[in-house]
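Enquirer: There's a structure below that I have some questions on.
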Amino acid sequence: KFSETNRPKILVSNPTVPQVAFDLLEEYCIVTKAEDDTREDILAKVKGVDAIFWATHLKLDKEILEAAGPQMKTVGTMSAGYDHIDVEELKKRGIKLANTPEVLNPAVADIAVLLTLAASRRLHEGRLALENGQWSPKWDARGMLGQDIIGSTVGIVGLGGIGQAIVQRLKAFNVGQFIYTGHREKEEGKKLGAKFVSLDTLIKESDIVIVSCPLTSETKHMFNAELFSKMKKTSVFVNISRGAIVDQEALVKALKEGQIFAAGLDVMTPEPLPPTDELLKLPNAVILPHLGSATKQTRDAMAQLTATNILRGIGDEEMFTPVYE
Ligand code: DGY
């Protein structure tokens, strides 16, 4: 529906976006891509575009919107999370926003399971023992004992699409009970056999706590020293959401002092984490560099959905996954 003589202009903020998105957008639009994942490059190229394909953890804020100009009315972010986007500023300017929920649920839930198992069974500590020649020739029936998943109580903080996919996967491990917390009890929770509880109950009763809620002003630093002190000493803490939900200093202290057993983190503060960071020195912390959605199929699906949302947005059709109406 776009005219040949007046093709919409799109900025793709990152050159590493899967080709499927460029193929789709280039069929209908004039596409410019930032060559480099930096604000400077994006600011230099954003002027005059009709839409922005946001594929970066950089902040999309007033400065970028001002630089784009008042004709810019559509943003698609290639992510489920949109805490890096100034939603209020977009709304104020009548700009549409779409994200990529659902398509990444399986991949992110897989990473949550991976971290749960790895942290419970001391994967990092075991590897360090091997590297440091500490694997004793005498078999130690009491050495390197981990925590069982079977029979455990798993607490999910935020039973959205990803939280539900995590429960579905962990059911195969014969978990004792699933509990969850959030704003309200959910129909999906009933279907999965998960019980709705308060955050306080979840913290005290869970053997495994998995954070899968979005980062908002409400959840920022929700996991603080007080919460860690209430958790079981044998508990495992997993975060696949956003690092800022956790007071990381308090987490490091809890791991060092044995207030909790172990942690598995796909997200942290800052990202990238400096190689000298305290977290990386802890044998009981399994840490990944934010790989949740990092599979070929998932990234292709996210790119395709973002491009489609943008085309629909600038064509005044309903976007498939708008963040707000
Ligand atoms: C998401 O989609 O929000 C992932 O964390 C990737 O940024």
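The values are calculated or read from the model by the stated rules, or taken from the named source; none is laboratory data. Model, not experiment: these values are computed from the prediction. Note that each Cβ is placed from the backbone with ideal geometry, even for glycine, and that neighbours are counted across all protein chains shown.
Enquirer: Identify the residue in segment 40-57 that is surrounded by fewer than 17 Cβ atoms within 10 Å (Cβ to Cβ) and touching a residue at least 24 places away in the same chain (Cβ under 8 Å) and, among all such residues, is farthest from the ligand (Cβ to nearest atom).
Expert: Only one residue fits best here, namely 48.
Enquirer: Here's a follow-up. Of 11, 58, 90, which residue is under 23 Å from the mean Cα position of the chain (by Cα) and not in a loop (DSSP other than H, G, I, E, B)?
Expert: Step by step, each of 11, 58, 90 is checked, and only 90 is under 23 Å from the mean Cα position of the chain (by Cα) and not in a loop (DSSP other than H, G, I, E, B).
Enquirer: For segment 31-39, indicate whether the set of residues that are part of a loop (DSSP other than H, G, I, E, B), of a type in the set (Asp, Glu) and closer than 17 Å to residue 215 by Cβ is non-empty.
Expert: Within segment 31-39, not a single residue is part of a loop (DSSP other than H, G, I, E, B), of a type in the set (Asp, Glu) and closer than 17 Å to residue 215 by Cβ.
Enquirer: Go through segment 306-316 and give me each residue that's touching a helix residue (DSSP H, G or I) at 6+ places or on another chain (Cβ under 9 Å) and within 16 Å of the ligand (Cβ to nearest atom).
Expert: Selection gives 306, 307.
Enquirer: (1) assigned to a helix (DSSP H, G or I); (2) buried (at least 21 other Cβ atoms within 10 Å of the Cβ): which one isn't true of residue 209, the others all being true?
Expert: (1)
Enquirer: Could you say which residue among 276, 269, 201, 234 is of a type outside the set (Asp, Glu) and within 15 Å of the ligand (Cβ to nearest atom)?
Expert: Result: 269 is the single residue among 276, 269, 201, 234 that is of a type outside the set (Asp, Glu) and within 15 Å of the ligand (Cβ to nearest atom).
Enquirer: Answer yes if at least one residue in segment 110-128 is out of contact with any helix residue (DSSP H, G or I) (no Cβ under 9 Å at 6 or more places or on another chain), within 13 Å of the ligand (Cβ to nearest atom), modelled with pLDDT of 95 or more and under 29 Å from residue 238 (Cα atoms), and no otherwise.
Expert: yes
Enquirer: List, please: which pairs have Cβ atoms under 7 Å, are six or more places apart or on different chains, and start with a residue in segment 275-304 that is of a type in the set (Asp, Glu) and end with one that is within 15 Å of the ligand (Cβ to nearest atom) and at pLDDT 95 or above?
Expert: From segment 275-304, the pairs are 300/18.
Enquirer: Then there is this: Of the residues 17, 49, 12, only one is in contact with a Leu (Cβ under 6 Å, 6 or more places away or on another chain), assigned by TED's automatic domain parsing to the domain that holds residue 308 and among the aliphatic types (A, V, I, L, M); which?
Expert: Among 17, 49, 12, only 49 is in contact with a Leu (Cβ under 6 Å, 6 or more places away or on another chain), assigned by TED's automatic domain parsing to the domain that holds residue 308 and among the aliphatic types (A, V, I, L, M).
Enquirer: Taking segment 182-199 only, how many residues are farther than 20 Å from residue 152 by Cα and out of contact with any Gly (no Cβ under 7 Å at 6 or more places or on another chain)?
Expert: Of the residues in that region, 6 qualify.
Enquirer: Just wondering, is there one or more residues in segment 282-300 that are exposed (fewer than 14 other Cβ atoms within 10 Å of the Cβ), away from the ligand (no atom under 16 Å from the Cβ) and part of a loop (DSSP other than H, G, I, E, B)?
Expert: Within segment 282-300 (the criterion being exposed (fewer than 14 other Cβ atoms within 10 Å of the Cβ), away from the ligand (no atom under 16 Å from the Cβ) and part of a loop (DSSP other than H, G, I, E, B)), the answer is no, since none of the residues qualifies.
Each row is one residue, and each column tells you yes or no for (1) more than 21 Å from the chain's Cα centre (by Cα); (2) surrounded by 17 or more Cβ atoms within 10 Å (Cβ to Cβ); (3) in a helix (DSSP H, G or I); (4) touching a residue at least 24 places away in the same chain (Cβ under 8 Å).
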| position | (1), (2), (3), (4) |
| --- | --- |
| 185 | yes, no, no, no |
| 188 | no, no, yes, yes |
| 200 | yes, no, yes, yes |
| 204 | yes, no, yes, yes |
| 214 | no, no, no, yes |
| 233 | yes, no, no, yes |
| 238 | no, yes, no, yes |
| 244 | no, yes, yes, yes |
| 251 | no, yes, yes, yes |
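Enquirer: Residues in segment 32-45: is at least one within 23 Å of residue 317 (Cα to Cα) and among the hydrophobic types (A, V, I, L, M, F, W, C)?
Expert: Looking for residues that are within 23 Å of residue 317 (Cα to Cα) and among the hydrophobic types (A, V, I, L, M, F, W, C), one finds none in segment 32-45, hence no.
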